[in-house]
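The values are calculated or read from the model by the stated rules, or taken from the named source; none is laboratory data. Everything numeric here is computed off the predicted structure, so don't read it as measured data. FYI the Cβ positions are ideal-geometry reconstructions off the backbone, even for glycines, and counts take in every protein chain you see. Side chains are part of the model used for accessible areas, which takes the heavy atoms of the whole protein and leaves out ligands, DNA and RNA. Shrake-Rupley method; radii C 1.70, N 1.55, O 1.52, S 1.80 Å.
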Amino acid sequence: MVYDFHTHTSLSDGVLSPIELIRRALINNYRAIALTDHASLGELSRIIQETTEICALARSHWDILAIPGIELTHVPAGAIAEAARRAKELGARIVVVHGETIIEPVEEGTNLAALHSSDVDILAHPGLITTEEAELAATNGIFLEISARKGHCLTNGHIASIAQQVGAKLLLNSDAHSEEDLLTTSLADAIGRGTGLDNAACHEFLITNPQALVSRLPGIAT
Ligand SMILES: [Zn+2]
Ligand SMILES: [Zn+2]
């Protein structure tokens, strides 16, 4: 069983249409996939509306939890709380914030702004996250991402280590932009071991934490 809460489609810079990405995920033994295309404030409404409709179509015909979401990407830090609130109001079930990865000029303060918002579910690729930020994630129940994506994955070991120290919850996401980026159970296990976490901690972040997040989504979790 694979869980993946961060993916991209042709609604932003992904290759596949939303329904084809879900179809490919189903074939890869996914239990749940969130479609989280890039948006700031302007595109929120359009993307969430289309994603919501397509995810409902997939759930009603196929055995996969397709979840409409959004990745707030390069939104000014001062506008993240408002954008996250609007995304939830528009129907996004998972709000991911594009965190301070070391490979892009993400505005400083983005991690903190995301971790202060009760509408944010996942802080993606948080880069060289500080202990203070990880403590905030633990307190506010926001998941920190271990990334399978090239570049973003360079700080996985650091993120896993800090999260373990303060009790913050981790999730693995593909950040897939095409079908070859999708996870498999063996790749997920290997990335888990690669963080340096022990078997119990890997099981928690690959299975227990995703199930906890899914259980927060009435109407999608059955
Ligand atoms: Zn991102
Ligand atoms: Zn992404």
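Once the Cβ-Cβ distance between residue 190 and residue 20 is put in as r, and R0 is 41 Å, what FRET efficiency do you end up with, to the nearest 0.05? Spell out each step's value before the answer.
Numbers: r = 26 Å, r/R0 = 0.63.
Calculated transfer efficiency: 0.95.
Short-range pairs are left out: with C-alpha atoms under 8 Å and at least six residues apart, the relative contact order of region 104-212 is 22 percent.
Fully extending the segment from residue 40 to residue 212 would add 59.2 nm, taking 0.36 nm per residue of separation and subtracting the current Cα-Cα distance. Between residue 13 and residue 82, the contour length at 0.36 nm per residue exceeds the alpha carbon distance by 22.5 nm. Summarising the amide proton neighbourhood of residue 17: residues at separation of 5 or more, or on other chains, whose placed amide H is nearer than 5 Å comprise 10.
The three principal axes of the C-alpha atoms in region 104-220 carry coordinate ranges of 35, 34, 30 Å, sorted with the longest axis first.
Only protein heavy atoms count here; under a 1.4 Å probe, residue 102 has an accessible surface of about 90 Å². Taking every alpha-carbon pair in region 109-161 and binning the separations at 5 Å intervals from zero gives 4, 23, 34, 22, 13, 3 percent. Quick one: Cα centre-to-centre distance for region 76-112 and region 170-215, in angstrom? Distance between centres, Cα-based: 22 Å.
Dividing the mean sequence gap of close Cα pairs (under 8 Å, 6+ apart) by how many residues the chain holds gives a relative contact order of 19 percent.
Note on residue 203 and residue 61: the model spin-label points, each 7 Å out from Cα along the C-beta direction, lie 3.8 nm apart. The listed residues 15, 2 rank as 15, 2 when sorted by accessible area, largest first, using a 1.4 Å probe. For region 163-218, treating each Cα as an identical point scatterer without solvent, what Debye log10 I(q)/I(0) comes out at q = 0.14, 0.16, 0.26, 0.28 1/Å? So the normalised log intensities work out to -0.42, -0.54, -1.12, -1.19.
Remark: C-alpha extents of the chain on the principal axes read 42, 39, 30 Å, sorted largest to smallest. Quick check for you: which residues of region 114-137 have the amide N under 16 Å from the point 7 Å beyond the Cα of residue 103 toward its beta carbon? In region 114-137, the label zone of residue 103 (backbone N under 16 Å from the point 7 Å along Cα→Cβ) covers 124-128.
Only protein heavy atoms count here; under a 1.4 Å probe, residue 86 has an accessible surface of about 100 Å².
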